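All remarks here apply to the structure that follows.
The values are calculated or read from the model by the stated rules, or taken from the named source; none is laboratory data. This is a predicted model, so every value here is computed, not measured. Note that we place each Cβ from the backbone using ideal geometry, even for glycine, and neighbour counts take in every protein chain shown.
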């Protein structure tokens, strides 16, 4: 499972309440069925985090190092496209020869395709996919590997069918309401370009946050103060994706070299584009570093590298350590986003911040 080792890509879900005490029974009631029962349609059900064939869900098997670790398994039989095409062509040639026809009409070919599919399908091994998640009992958020909208909807629907409630993706709008009781959708767009008025900008709180974070990190020598008083090192690097839904090119991707210091980056900012994607590194000290790819519109986290930790540990202790680091990352991320929302919600503070960002944009490198 991806949460156990290496880097991990995920998004957070904010839950209306904690998992019930009888969570194991609820997940077991919706566990994955035998693979022998898999047909042409997709079979969905829960399995433990041990492996995709383990559908024996109990409190012991669902828990790992104090965390609930499960996955939504999706199983489906499919005939490989190349095999299906070859088998259909063989049947078509046989029919054409038997009937003395130079070709077959579309209806006949469709019937052959259906017949071949029905013949081959039962002998095809099920194809398995999974959407793993981890959850700390008592909390009101979880981490799930579903990044795209479609698998997230599938996961959320299965979670709601199992527990009676699903979660809201941790987007800028969701977290603004959760952390500060503020609907960021009510705020007008803001221009960080000294050459464009704010009226020309679309509302994009996630991009505003990421661009603000970049500005703060660069103008404060890579240091930002957390609410608890500790200093956090923050570094933004390429590849960088800039977006603005105005005239001309809507998106620009800068990579290789040091795009964050390039004249192209300044050009993007001057044209009204804001930073949508970047690589970010958080550092509390030399032993506690988190680096990840960040997509600002939906708050997608890609390839998060957790701190190295204490070295040689058994599997359970290592997983527990990784989950502690994951929760620390969330606390840091929410702290920074909360600080942004505090500025964004007050007209005077935001006006001053926008003015400072425009000066920062003007002062960026303009020549190679």
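Assess whether residue 142 counts as being touching a residue at least 24 places away in the same chain (Cβ under 8 Å) and either under 19 Å from residue 275 (Cα atoms) or touching a strand residue (DSSP E or B) at 6+ places or on another chain (Cβ under 6 Å) (or both). Against the criterion (touching a residue at least 24 places away in the same chain (Cβ under 8 Å) and either under 19 Å from residue 275 (Cα atoms) or touching a strand residue (DSSP E or B) at 6+ places or on another chain (Cβ under 6 Å) (or both)), residue 142 qualifies.
Has region 335-348 got any residue that is in a loop (DSSP other than H, G, I, E, B), over 18 Å from the mean Cα position of the chain (by Cα) and surrounded by fewer than 17 Cβ atoms within 10 Å (Cβ to Cβ)? Looking through region 335-348, at least one residue is in a loop (DSSP other than H, G, I, E, B), over 18 Å from the mean Cα position of the chain (by Cα) and surrounded by fewer than 17 Cβ atoms within 10 Å (Cβ to Cβ). The residues on offer are 184, 147, and the sole one that is within 22 Å of the chain's Cα centre (by Cα) and in the same structural domain as residue 299 (by TED's automatic domain parsing) is 184. In region 1-103, counting only helices (runs of 4 or more DSSP H) that sit wholly within it, the ones holding 3 or more residues that are buried (at least 17 other Cβ atoms within 10 Å of the Cβ) span 23-29, 81-99. Entry remark, region 338-358: residues being out of contact with any helix residue (DSSP H, G or I) (no Cβ under 6 Å at 6 or more places or on another chain), under 23 Å from residue 265 (Cβ atoms) and in contact (Cβ under 8 Å) with a residue 24 or more places away in the chain number 3 in total. Just one of the listed residues (184, 210, 240) is touching a residue at least 40 places away in the same chain (Cβ under 8 Å) and in contact with a helix residue (DSSP H, G or I) (Cβ under 8 Å, 6 or more places away or on another chain), namely 184.
Could you tell me whether any residue of region 308-317 is surrounded by 20 or more Cβ atoms within 10 Å (Cβ to Cβ) and in contact with a helix residue (DSSP H, G or I) (Cβ under 7 Å, 6 or more places away or on another chain)? So far as region 308-317 goes, no, none of its residues is surrounded by 20 or more Cβ atoms within 10 Å (Cβ to Cβ) and in contact with a helix residue (DSSP H, G or I) (Cβ under 7 Å, 6 or more places away or on another chain). Scanning region 267-304 for residues that are part of a strand (DSSP E or B) and closer than 17 Å to residue 361 by Cβ yields 274, 275, 276, 278. Residue 138 - would you say it is over 23 Å from residue 7 (Cα atoms), in a loop (DSSP other than H, G, I, E, B) and not assigned by TED's automatic domain parsing to the domain that holds residue 292? So residue 138 fits the description; yes.
May I ask you to list the residues in region 214-227 that are in contact with a helix residue (DSSP H, G or I) (Cβ under 8 Å, 6 or more places away or on another chain), surrounded by fewer than 14 Cβ atoms within 10 Å (Cβ to Cβ) and within 17 Å of residue 337 (Cβ to Cβ)? Hit for region 214-227 is 227, nothing else. Among the residues of region 159-181, those identified as more than 26 Å from residue 71 (Cα to Cα) and without any contact (Cβ under 8 Å) to a residue 12 or more places away in the chain are 177, 181. Entry remark, region 104-123: residues being assigned to a loop (DSSP other than H, G, I, E, B) and either surrounded by 11 or more Cβ atoms within 10 Å (Cβ to Cβ) or within 41 Å of the chain's Cα centre (by Cα) (or both) number 1 in total.
Considering 272, 303, 257, which residue is in the same structural domain as residue 189 (by TED's automatic domain parsing), free of Cβ contacts under 8 Å to residues at least 60 places away in the same chain and either over 18 Å from residue 217 (Cβ atoms) or in contact with a strand residue (DSSP E or B) (Cβ under 7 Å, 6 or more places away or on another chain) (or both)? Unique residue meeting the criteria: 257. So for region 191-198 (the condition being touching a strand residue (DSSP E or B) at 6+ places or on another chain (Cβ under 9 Å) and closer than 25 Å to residue 232 by Cβ), does at least one residue qualify? Yes, because at least one residue in region 191-198 is touching a strand residue (DSSP E or B) at 6+ places or on another chain (Cβ under 9 Å) and closer than 25 Å to residue 232 by Cβ. Residue check: residue 146 meets all listed conditions (1) assigned to a loop (DSSP other than H, G, I, E, B); (2) over 20 Å from residue 9 (Cα atoms) but one, namely (2).
Yes or no: residue 289 within 15 Å of residue 333 (Cβ to Cβ) and modelled with pLDDT under 95? So residue 289 fails the test.
The conditions of being assigned to a helix (DSSP H, G or I), farther than 30 Å from residue 63 by Cβ and within 25 Å of the chain's Cα centre (by Cα) are not met by residue 245.
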